[in-house]
Amino acid sequence: MPERIIVPFGPQHPVLPEPIHVDLVLEDEKVVEAIPSIGYIHRGLEQLVQKREYTEYVYVAERICGICSFIHALCYSQGIEHIMGVEVPDRARYLRTIWSECSRLHSHLLWLGLFADSMGFENLFMRSWQLRESVLDVLEDTTGGRVIQGTCKVGGVRRDIGQEKLDEMHRALDPFEQNCRDLGDVFLNDDTVKYRLQGLGVITKDEAYDLGAAGPTARGSGVAMDHRETGYAAYGDLGFKPVVETAGDCYARCAVRVKEVYASIDLIRRAIEEMPGGPIDVKVKGTPDGEYFSRAEQPRGEVVHYLKGDGSKHLARARIRTPTLANIPPLVKMLPGAQLADVPVVVLSIDPCISCTER
Amino acid sequence: MGIFQMTKTVIRNLLGGPATRQYPAVPARTSPLTRGHVAFDPSTCRSCSLCSKRCPCEAIRLDKEAKVWEIDRMRCIACGDCVEGCPFGSLTMEQAYLPPVVEHVVERYTITYVKPEKPAKKPAEESAGA
Ligand code: SF4
Ligand code: SF4
């Protein structure tokens with residue numbers, strides 16, 4: 001039997017945008033066990049809920065993550081709105097959907113770039129990020145922030161998008177989609193990518209389900225679970241079908257994300273076409289009293305905000321479960337059997353977002 | 001063949017110019033909504049302290065007695081909540097991002113707003129400004 005050695009992976013590693021540490025137990029070059037550890041960037045944001053007014057905590061919730069920031073704010077606001085029985089105007093629901101999908105677009109394009117980088121495909125990495133930049137420009141034009149939008153609030157949204165800008169966005173979608181399809185074509189059909197990814201880091205449907213995988217990690221294994229199906233914000237009106245692949249390997253997870261990019265573009269297009277008029281927010285009076293599990297679909301999977309108010313202007317408790325936390329057990333399952341050189345690719349295939357995970 | 005997928009993109013990239021901007025020679029892209037930094041107008045602030053109460057990061061400190069309004073730029077996350085909450089329009093959000101700093105300095109302003117005298121009564125205090 002070959003000698004076992006332990007190779008530390010992370011928290012500082014060229015492919016990792018954020019610090020996660022995995023101890024890899026190796027036999028020769030092959031991983032036999034992976035022991036993860038997190039806890040490098042805990043910021044205590046859940047505790048902060050007791051010190052900030054519930055309306056201001058939206059800004060904090062938004063900063064839990066630098067990528068899916070809008071959806072954190074949305075999930076939190078939805079929770080408070082449910083507790084207080086606030087009905088959000090239609091236009092606000094549609095605007096929230098557009099910004100959520102823009103977040104998903106730029107998150108997936110960022111991930112595709114990082115993933116290409118982890119495979120050593122630099123050209124593809126830069127191309128993905130170039131496309132992502134155009135999404136960020138739209139976000140900056142419509143909200144004032146590239147990654148931290150600051151437009152979601154309890155009771156609606158802060159800013160409207162004028163008809164002119166909506167038309168401009170609509171016109172820009174076709175060329176953008178063509179560019180995304182060219183990019184997706186490389187990820188899905190290029191032989192170099194296929195050889196590298198197919199059969200790597202496999203997790204079966206049952207394993208994914210049992211280990212509680214979320215988002216594209218679960219959908220890549222055939223678990224058709226997407227919280228957007230429940231129809232929060234405007235997803236109910238727009239209609240939505242989750243993107244599912246069945247192979248359960250890195251290639252399948254990549255394919256899910258590539259196809260979700262197309263799906264997001266389609267959702268944005270339809271949301272712009274069906275955009276209702278009317279007000280964008282309602283005045284919220286009173287303080288939240290009660291508790292609610294608010295859920296939303298982030299680019300990485302389902303996020304849960306548990307919020308409990310006690311009738312004062314500060315919430316009593318908030319607990320946030322983020323998708324990456326749910327995806328770490330599947331990751332530990334995927335790693336054994338992989339070669340050491342493939343570990344960065346497998347780790348990135350769950351799209352780890354550690355600042356979310358540790359809050 | 002699955003190995004020429006990238007060729008189209010590569011050719012397009014070779015023919016097109018660079019995708020990046022030559023910053024700082026070319027200024028960074030901003031939009032009218034960009035949240036760069038908060039600007040304060042000491043001549044209209046009436047020391048109501050709403051901004052410091054609203055700020056989620058405790059970046060603003062107000063001393064009503066000394067008429068001092070301070071902002072800690074390193075705490076401020078440019079969320080714009082204070083700008084939205086100021087009832088007298090003393091705060092505005094500027095588009096320009098502030099340059100990086102190497103020292104922690106708190107920006108301090110002396111409020112120069114003078115309460116207009118009520119016409120009917122005799123002048124009470126004149127030296128409220130600084
Ligand atoms: S912009 Fe936000 S963080 Fe900055 S001072 Fe105003 S309220 Fe505070
Ligand atoms: S800046 Fe505006 S909100 Fe702040 S103390 Fe002055 S008047 Fe009040």
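The values are calculated or read from the model by the stated rules, or taken from the named source; none is laboratory data. Please read these numbers as outputs of a predicted model, since none were measured by experiment. All Cβ positions, even for glycine, are placed from backbone atoms using ideal geometry, and neighbour counts span all protein chains on display. What goes into the accessible areas is simple: the full protein's heavy atoms, side chains included, and nothing from ligands, DNA or RNA. Shrake-Rupley method; radii C 1.70, N 1.55, O 1.52, S 1.80 Å.
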> Are any residues in region A:130-164 of a type in the set (A, V, I, L, M, F, W, C) and facing chain B (nearest Cβ under 9 Å), and if so, which ones?
Replying inline: A:Ile148
> Out of (1) in a helix (DSSP H, G or I); (2) in contact with a strand residue (DSSP E or B) (Cβ under 8 Å, 6 or more places away or on another chain); (3) open to solvent by less than 30 Å² (accessible area, probe 1.4 Å); (4) more than 14 Å from chain B (Cβ to nearest Cβ), what's the single condition that is false for A:Val88?
Replying inline: (1)
>> Consider region B:80-104. How many of its residues are open to solvent by less than 70 Å² (accessible area, probe 1.4 Å) and of a type in the set (Val, Ile, Thr)?
In response: 2
> In this structure, does A:Tyr40 turn out to be open to solvent by 10 Å² or more (accessible area, probe 1.4 Å), within 14 Å of chain B (Cβ to nearest Cβ) and within 29 Å of A:Gly145 (Cβ to Cβ)?
Replying inline: no
>> Just the residues that are more than 14 Å from chain A (Cβ to nearest Cβ) and either more than 14 Å from ligand 2 (Cβ to nearest atom) or not in a strand (DSSP E or B) (or both), please, taken from region B:54-83.
In response: B:Lys64, B:Glu65, B:Ala66, B:Lys67, B:Asp72, B:Arg73, B:Met74
> Given the residues B:Arg35, B:Arg29, which is the only one that is near ligand 1 (Cβ under 10 Å from one of its atoms) and in a loop (DSSP other than H, G, I, E, B)?
Replying inline: B:Arg35
> Only one of (1) within 16 Å of ligand 2 (Cβ to nearest atom); (2) under 15 Å from the mean Cα position of the chain (by Cα) fails for B:Pro32. Which number is that?
Replying inline: (1)
>> Taking the criterion of being in contact with a Pro (Cβ under 6 Å, 6 or more places away or on another chain) and either free of Cβ contacts under 8 Å to residues at least 60 places away in the same chain or surrounded by fewer than 16 Cβ atoms within 10 Å (Cβ to Cβ) (or both), would at least one residue in region A:299-311 satisfy it?
In response: no
> Regarding B:Ile71, is this residue in contact with a strand residue (DSSP E or B) (Cβ under 6 Å, 6 or more places away or on another chain) and at pLDDT 85 or above?
Replying inline: yes
>> Quick check on my filter: what residues within region A:165-185 are within 13 Å of another protein chain (Cβ to nearest Cβ), open to solvent by 30 Å² or more (accessible area, probe 1.4 Å) and either under 16 Å from A:Glu274 (Cβ atoms) or of a type in the set (D, E, K, R) (or both)?
In response: A:Lys165, A:Glu168, A:Arg181, A:Asp185
>> Quick check on this structure: which one of A:Ser118, A:Ser103 is more than 14 Å from chain B (Cβ to nearest Cβ) and under 25 Å from A:Gly239 (Cβ atoms)?
In response: A:Ser103
> Within region A:194-203, is even one residue within 14 Å of chain B (Cβ to nearest Cβ), assigned to a loop (DSSP other than H, G, I, E, B) and not β-branched (Val, Ile, Thr)?
Replying inline: yes
> Hey, does region B:84-94 have a residue that's under 30 Å from A:Gln47 (Cβ atoms), more than 14 Å from every other protein chain (Cβ to nearest Cβ), assigned to a loop (DSSP other than H, G, I, E, B) and more than 11 Å from ligand 1 (Cβ to nearest atom)?
Replying inline: no
> List the pairs whose first member sits in region A:32-60 and is within 17 Å of B:Cys79 (Cα to Cα), whose second member is charged (D, E, K, R) and open to solvent by less than 70 Å² (accessible area, probe 1.4 Å), and whose Cβ atoms are under 8 Å apart, counting only residues at least 6 apart or on separate chains?
Replying inline: A:Leu45/A:Arg63; A:Leu45/A:Arg359; A:Thr55/A:Lys153; A:Glu56/B:Asp81; A:Val58/A:Lys153; A:Tyr59/B:Asp81; A:Val60/A:Arg52
> Within region A:107-132, how many residues are touching a residue at least 40 places away in the same chain (Cβ under 8 Å) and in a helix (DSSP H, G or I)?
Replying inline: 16
>> Just checking, does region B:66-75 include any residue being touching a Phe, Trp or Tyr at 6+ places or on another chain (Cβ under 9 Å) and within 8 Å of ligand 1 (Cβ to nearest atom)?
In response: yes
>> Being among the basic types (Lys, Arg) and either at pLDDT below 85 or open to solvent by 10 Å² or more (accessible area, probe 1.4 Å) (or both) is the filter here; which residues of region A:220-272 pass it?
In response: A:Arg228, A:Lys241, A:Lys259, A:Arg269, A:Arg270
>> Going through A:Val332, A:Val346, A:Val282 one at a time, which residue ends up being among the hydrophobic types (A, V, I, L, M, F, W, C), under 22 Å from A:Arg93 (Cβ atoms) and touching a residue at least 12 places away in the same chain (Cβ under 8 Å)?
In response: A:Val282
> Of the residues in region A:201-219, how many are in contact with a Ser or Thr (Cβ under 8 Å, 6 or more places away or on another chain) and surrounded by 19 or more Cβ atoms within 10 Å (Cβ to Cβ)?
Replying inline: 5
>> For region B:67-86, give me the residue count where each residue is without any contact (Cβ under 8 Å) to a residue 24 or more places away in the chain and either touching a Leu at 6+ places or on another chain (Cβ under 8 Å) or among the hydrophobic types (A, V, I, L, M, F, W, C) (or both).
In response: 1
